[in-house]
1. Please arrange B:Asp37, B:Asp108, A:Asp75 by how many other C-beta atoms lie within 10 Å of their C-beta, fewest to most.
2. 7 Å from Cα along Cα→Cβ at both B:Asp31 and C:Leu67: what's the point-to-point distance in nm?
3. Report the semi-axes of the equivalent ellipsoid for region B:179-247 in whole Å, largest first, where each axis is √(5λ) for an eigenvalue λ of the Cα gyration tensor.
4. Do the sum for chain B: with -39,500 (n - 2.57) for every DSSP H run of n ≥ 4, divided by all residues, what is the mean residue ellipticity at 222 nm, to the nearest 500 deg cm²/dmol?
5. Which of the chymotrypsin sites (Phe, Trp or Tyr not before Pro) found in region B:122-192 are in a DSSP loop and have at most 15 neighbouring Cβ atoms, other than their own, within 10 Å?
6. Fewest Cβ neighbours within 10 Å first, please rank C:Leu67, B:Leu204 accordingly.
7. Where does each of B:Ser168, B:Ser118, C:Ser127 land when they are ranked from fewest to most other beta-carbon atoms within 10 angstrom?
8. Net charge around B:Gly128, counting only other residues with Cβ within less than 15 Å of its Cβ (Lys, Arg = +1; Asp, Glu = -1)?
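Each reported figure results from applying straightforward, stated rules to the coordinates on display, with no laboratory input. This one's a predicted model, so the numbers in the text were calculated from it and none came from an experiment. Neighbour counts run over all protein chains shown; Cβ positions are idealised from the backbone, glycine included.
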Amino acid sequence: MAAPLTNNEERVVIGFWPWFYQRVSGVLLIFLVGVHIWMTHFSGLGDVIKGEQEELVLFEIVKQRLTQGLFIFVDFSLLALVLYHGLNGMRNILLEWGPAARRAKGMTIGLWVLGVATFAYGSWALLAFIL
Amino acid sequence: MENVTLSIRRKPPEEGSEGYWQEFEVPIFADTMSVLDALVWVQRNADPSLAFRRACRVQMCGTCGVVINGREGLACGTLVRSLVGDDGGVVRVQPLRHLPVVRDLVIDPGMFFDQLRSIDPNFIPEEGVEGPVVLSPDSKERRTISPHRECIYCGLCYSACSVVGLDSGFLGPAALNRAFALVSDSRDGSGKQRLQAVASEEGLWRCHTIFECTAVCPKGIPITRAIQGLKRNVIVDKFKGLFRLGR
Amino acid sequence: MAFSFRNLPLHGSSLQDRYSGTRSGWWAWFLQRLTGVALVGYLFLHIAVISTARAGSEVFDAVLIFLQKPFFVVLDLFLIAAVLYHGLNGVRVLLFDAGIGIKHQALMFWICMFLTAAITCTAGYFSLPLILRG
């Protein structure tokens, strides 16, 4: 049983920021994913159907798009935000599962390592189009 | 007089014993017969060893909570007729979920009350206030807190909550509802501290607005609204602190 | 007619009538989790596919041409449905956090479902030539 409230002077709000950032990243992702899906899969759709363009996504098309600073910004922020949002979501699910919840700290660190590594790997892949 | 088939989840009190379903034919002796009436009929006429809790039988005490046809309800507040219509049928009764079963329909509510106790659910008066504080019945504050003070601690919401089912460490809807009633009450002196007590990963942030608690509450308390209210309280508090506008 | 409790308003019943809906709230949450986990899985696949660009533009193009065959276009529609539902229900939850629409949560769930279905069907309609070009 927890100590009475009056002794809880030191108690701080835990878990607020992950919850809050999950919402912030969610809102940003709605716009970024919208732009991403529209640009890669629908803006060129007419040309592909008319036969003026071979496929929706090809190396040269992506390279062309990524010459614009705006899309470099969109793609890198998309990668970072979607990783945060997705892995934080996984963390929320795992925290409700006893064996993982008991090692919450290690799990959080593990997910951060996974996230940072994947961001590095994804950036390395993206730079193939830019450099 | 037609019958209803009452299918009851039985479990002997011995530890490690297996549970099983047992069916009883119960006459519907009145249109107003509740599930509790049916259980009492079984105990008196068919099997005196059937164990269940009850006290007031008028939806005031919150003692007879069970799961009826897969949905939490007070046995005394659920009419058999509302479940089977006019042609009879099967009514399944089982103990509340997420709590250890002592025997048959009797659960041990200890965990539920431990969670409640952990937020210090009693009123803590503000220091230095003399005499009664007036909170008029039509004031905004009174209207906000009123429904949330109706809780009878029957545990139905705790049983219905999918998050409690996944994570027994979760505070649960009833405790959060009680915290909201106190946090929103200007007469209570520990508002901010209580807010901090519930704003943890095992507390407030674990609620995923599934609305099961609100759906089963026999007092019709909009519990999810309370939990969301607490979240907004924390947000306001956080950003006040961030910009140093607060106390 | 005999006296019946059924016709009497129970204590708190008006509030209960207003707030208790179907169990759509549970489905909303379950689908949010399901699509969330699926999208995380897809994210890693997606990054793996994009990283073939490091092996040269020919490899990338070969992989991408394969992945734009009709079968994968149909799979992409499922992906769009998952993204749409997750995003729309995300907005629903966000509105609850802002204290908006808590009373109408069931209706809002069905609006999410309807919009997901409608937009996915529209996307499917426009992608039909890609699926049929076989």
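1. Working: B:Asp37 19, B:Asp108 13, A:Asp75 23.
Least to most surrounded, the residues fall as B:Asp108, B:Asp37, A:Asp75.
2. So the label points at B:Asp31 and C:Leu67 sit 6.6 nm apart.
3. Details: eigenvalues 113, 40, 18 Å².
Output for region B:179-247: semi-axes of 24, 14, 10 Å.
4. On the way: 10 runs with 85 residues, N = 247.
Roughly -9500 deg cm²/dmol at 222 nm, from the helical runs in chain B.
5. On the way: sites: B:Phe123, B:Tyr153, B:Tyr158, B:Phe170, B:Phe180; in loops: B:Phe123, B:Tyr153, B:Phe170.
Hits after loop and neighbour filter: B:Phe123.
6. Values: C:Leu67 15, B:Leu204 26.
Exposure proxy ranking, most exposed first: C:Leu67, B:Leu204.
7. B:Ser168, B:Ser118, C:Ser127
8. Net local charge, B:Gly128 excluded: -3.
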